[in-house]
Structures are given as C-alpha cells and as structure tokens.
Amino acid sequence: MAIFRGIRLPAGPALKRPPELMYAGNERPPAIALAGLALQHAATALALIAYVLASAKIGGLDSDTTRAMISATVLGMALSCFLQSWGGWLGSGLLLVHIPDPLLVILSGMVAAEYGLGGLVLMGLVNGAVAMGAGVIVPRLRAVLPPTVAGVVVCVAGLSLIAPALNHVTGLADGTAPDETDILIGGATLIVIVALSVWGNRRAKLFALMAGLAAGVAVAAFVGELHGWDALASAPAFGLPRPPMPEFGVDPGILAAVAVLALMTQLDTFGCVVLLHKMNDADWRRPNMRMVSGGMRANGLGNLLSAFMGAYPNAISSANIALAHISRSTSRWVGLAAACLLAIVAFLPQVSLALTLVPTAVIGAIEVYAAAYLIVSGIELIASRALDSRGIFMVGLSFVLGMGVIFIPELAALAPESVRFLAKNGIIVAGLAAISLNLLFRLGSSQRAQADFEEDASPAGLGQRVVEFIETQGASWSARRDAVRRAAQAGLEAAEAVQAAGGRRLRGIRGSFDEFNLDIELLHEGPPLALGAEQTAARSDLLDVDEASFQAALEHALSGVSHVLLKRLADRLSSGQRGNLSYIRLHFDH
C-alpha cells in the first residue's frame, strides 16, 4: 500500500526466517498481496463483533447505542492491532489482530444494562490499567512462565474451541437437532480453506480463508440462509463514535471481577505472543519476555484509550493466528494495513453490521481450523522441553483441571462464590494450575547437580553414567530437548576422549542450568586435556608409519577426531585444573 512507503518500523529482535513462510515478520508484501491479507484479517476480526452484539442484547441496548458501541470497539481493535504490529516499547512487533474479549460478554452486558455506555468507560479503564501493569510484571517472571506453561494455555484454548466450533457448524448451538443446511455451509467453508492451504499454489494459500469465507456465504445465499438485511438497510452509511458521559458509580465488586478477568486474559496474550514468535523464528528457543511485555502493553493501552468512547474491551484473536498459519504470512505490515482497514470500518456502520450477517456455520468452520492449529501448536510448545515426572504431572494435571471444568461445568459450583466466574473458564483454570504446579514442583529442585563415579566402573559404564546424568538432569531442569540430546552426545564423546588420552580416569560429573546456559563438567584425574593443540598425525601419515608405530599414530588420530567432534557439538569448550582434579567443561547456549 502506498501509505506505508517511507515508513520504518522500530527494530525488533534478530529472528531466523523460517523457510516455509511467504512473508516473514519484517518483510513487506507486494501491494496486492498486502491488501488481500489485510482484508482477510480485518474481515475475520470483524466477524467476531458478534460478541459485542451478544453483550448489547444482554444489556438491552437500543440500535443507536449498539452501533455506537460497535464503532468504538472496532476503533479500539484497530488501535491495539496497530500498536502490536508497530512494536517498540508499546507493542510486540508481531502480526496480532484484536477482537472483542470473549470473557467479558456477560459482565459487559450487566454493566451496560445498569449504567449504560458510561459504565463501560470505567470498565475499560480498569481492564487497560491491569493489562499495562501485567506488561511491567511479566518480564520478571521468566521462571514462572516457561514454554510448557504457554503450551498448556495454547492447547487448552484450542480444545475449548471444539464444542462451540462444532455446535456452530452443525447448528446444535440452539439445542436442536443437527441442521443439514448448516453442515453443508460449514463443510463447504472448511473444505475450501483446507484444500487451498494444503494443495493451493502460492497465491491460493495467501487467500485461502477469504476464498473459504466467500464459498460459505455463496452456499448460504444459494440455500436462502442469509438474513438480517432489514437491519443493514436501516443503518447509516457513515457515523462518528459518540463518547459517552463516564459513569463512575460502577459497583466495586464488578470492577474487581473485571480486573481479575483482565489479568487472566493476559495468560492468553502470553500464549499468543509466544506462538507468533515461534512462527517467525526458525531458531526459536524460549519466550521473548520483551515481546510478551510489549504485547500486553499494546492490549492495555488500546483498551485504555478506547474506553473513553464506551468501547467493549478487546483481546488477541486466536482465529487470526490460525489465518497467519493458513496464509504462511506473519508480516507486521499486514497488521498495520489491517489496523487501517479496521479504523476505516469504525466510521462505516453498514460495513461492520454487514459482517455480523455472516452465517454462524461459516464462523464455526474458521473456529474448527483455529482449534486444530492451536491444539497442535500447544503440543509442540510442550514437547520442545524435556520433561521428568515433575513436568509430566504439571502438564497432565493442568489439562485434567482445565478440561474438567469444560467437560463437567458443574465442577465450577465447588469453587467459592467469589471466584466461581473464573472457575467456569477452562483456559483460566488450566493456566493458573500450570503456573501454580510449576512453582510447587520447583521446590526442592536445584539448578545444579553433581555425581561421583565408582573407581571400578568400566569405560562403557562410565559413558552410560554420563549420558544418564545429562538426560535425567535435563528433564528435571526442563531444558530444550535438542540441547539435552546434543549435551548427552558431547558428554559421551568427552568421556571417551578423556579415557582414551591415557593416564586419566573419570571421577565425576557436574551440571548447571539457567534459561540461557547449560554447562556440563567432566572431572578426571591426570593433567587437563590440551584441547587447542594441533594434531600432528594427518590421515595420510597413517599409511607411511611402520607397523610398530601404527597403533600409537592411530590412537593419536582418533583423539583428534574426538576434539573436532566436541568443538562441533558444544558452543564453547574448555579444560583446566581445580584442586586435585582436572576438568573438561562443555557449554551450550540455551
């Protein structure tokens, strides 16, 4: 788009471009592709204005007040999306599009019914202030929020989408028998999306969701299932948001509930930022807390500013993350363009209302794809770290508790009345359980470990002990699986090098870990290994030595191979002497 020419976005962290992406984080797509991708993201977000309509219905708002609420909400979504994509201190620098927060439908309706749009002003201010505060605190909680916790939140978010998605596709949402027409509409939408995203060419993959949306609407029109044209005809073509008079007499109990829900929403923000970061970085290792903090600040500031217009609070859209996966495009420029489109639509009530007429079955098909993507992505995040019994129970029990309240809603009644509204949400329950259990299981778990070796152990047995130590401690520390595998291979190679060097015997092993470093030390008797020494025996020399010297030359050459392998496996390699023992230290960037 011409409006973006000459604009330079704030620099973000260095990321390794994944080869499967068509347009990665900082790459600007061509004008046509940029416009098409932005249109898909804006349309997907606007289709979920249904949450605002549901809240307005609960609040008993008239049509004019509802339109004002929709316009203000869309403007808030545009602002948050713009901040997210812009990056810097006020955003994550990722393609994260915002939608009305699904957690606040009932509370917003209650506030609107009691206090009108003026009550939403105070509600939005509280929501935004809590999110901004979370953006300051979260970067200091790296140990509390490892990738496994993010994986649990993302996976349970996908699992929680299954029931509403299938209800919307099958027409069971109203408690009636399956509707064959809805199944036809939803099935056609999903088939087009999946077929184009899997088998389509480059351009087809970019616009798979738009094609699926169009196919679903076309089928709905063909079978006579497009309704609501009268409401659309009566809406004005252009309208300005009308800031309401703030109402500061909102019940403190309701505001406390809003604050708690806003804090819980940041769990979802955390998972979404981690997921997009992982999509953008082929060398992803851990959550970037600066990005997470920026994502929360963008959400908070967007809600703070739009609150003065009586907007419904917004949150990050998981459906748009799925769209980024479908289109293989995570460019920040797409987010900026989508934000501009949303801002324009905020002043065009007919356009925003037209998107609310998209059949429920079409939205359900998009939710099915989003659920499938989130589930698999959550599993990948969990599996990225080695797990011992602590990690297994942390993940497993969090799933059981989160899915338990989804499968058996009556369980929420067992919670104290003051927190019962939180206990009804499986994502919140699973996220809080994962954080709490992670903290609990960290008790008694040291980030340093040491093992001594028996004097009569065989060389093969010592090598096995080294591998077992590294794998066991790596799982206890929840280190990355690939780092643990590399460390175990390097540890075995180092043990063999020490024992083959002559005059040396392994006595023990030490290990230490933090989120950025994994260090392994092998302790041995005898002088330190000369790791930097040049190997004097080349492979061709073995053919020229006499039989008496051949064995010694071969052993010398093999020791050189071990040194080369160690330097390739470890990020840093050193040796030295401490007290009566020598050591060889293997360092791995984590």
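Since every read-out is calculated from the coordinates, none of them should be taken as a lab result. Small disclaimer: the values here were computed from a predicted structure and weren't measured. Reconstructed Cβ throughout: ideal geometry from the backbone, glycine too, with neighbour counts over all protein chains shown.
A compact table of results
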read-out	value
Whole-Å semi-axes of the ellipsoid equivalent to the stretch 386-443 (Cα gyration tensor, √5λ, descending)	23, 12, 7
Backbone HN-Hα couplings from phi across the stretch 369-379 [Karplus 6.51/-1.76/1.60, Hz, Gly and Pro as x]	4, 4, 4, 4, 5, 5, 4, 5, 5, x, 4
On Cα atoms only, tilt of 289-307 relative to the major axis of the chain in degrees	10
Sum of -39500 (n - 2.57) over DSSP H runs of 4+, divided by residues of the chain (222 nm, nearest 500)	-20000 deg cm²/dmol
Exposed trypsin sites (Lys or Arg not before Pro) absent: longest stretch of the chain, with sites in DSSP loops and at most 13 other Cβ within 10 Å deemed exposed	17-590
Likely footprinting exposure, Ile470, Ile183, Ile408, fewest C-beta neighbours within 10 Å first	Ile408, Ile183, Ile470
The chain, dipole about Cα centre (Lys/Arg Cβ +1, Asp/Glu Cβ -1), debye to the nearest 20	1340
Length-normalised contact order of the chain in % [C-alpha pairs under 8 Å, at least 6 apart]	21
Loop GluC sites (Glu not before Pro), the stretch 432-493 (other Cβ atoms within 10 Å of the site Cβ: 15 or fewer; DSSP)	Glu454, Glu455
Alpha carbon convex hull of the stretch 75-173, volume per residue in cubic angstrom	147
Residues Thr472 and Asp62, FRET efficiency given R0 of 56 Å [Cβ-Cβ distance, rounded to 0.05]	0.30
14 Å beta-carbon shell around Ile70, net charge (K/R +1, D/E -1)	+1
Using alpha-carbon coordinates, inclination of helix 180-199 to the longest axis of the chain, degrees	40
Spin-label pair Trp89/Ala31, simplified geometry with 7 Å Cα→Cβ offset, distance in nm	3.6
Fraction of antiparallel bridges per DSSP, the chain only, in percent to nearest 5	95
Neighbour-count order for His41, His325, His98, fewest beta carbons within 10 angstrom listed first	His325, His41, His98
Gain upon complete extension [Ala14, Asp230; 0.36 nm per residue less C-alpha separation]	72.6 nm
Lys pairs under 26 Å by Cα in the chain, provided they are eight or more residues apart or on distinct chains	5
Estimated vicinal HN-Hα couplings, Hz - the stretch 131-136 in sequence order (Karplus 6.51, -1.76, 1.60; Gly, Pro = x)	5, 4, x, 5, x, 7
Alpha-carbon spread of the stretch 162-263, three principal axes, descending order, Å	55, 38, 35
Nearest-ten-degree value, helix 318-327 long axis tilted from longest Cα axis of the chain	70
Solvent-free Debye scattering, log10 I(q)/I(0), computed from the Cα coordinates of the stretch 242-313 at q = 0.13, 0.14, 0.23 Å⁻¹	-0.51, -0.58, -1.05
Neighbour-count ranking [beta-carbon atoms within 10 angstrom, fewest first] of Tyr312, Tyr23	Tyr23, Tyr312
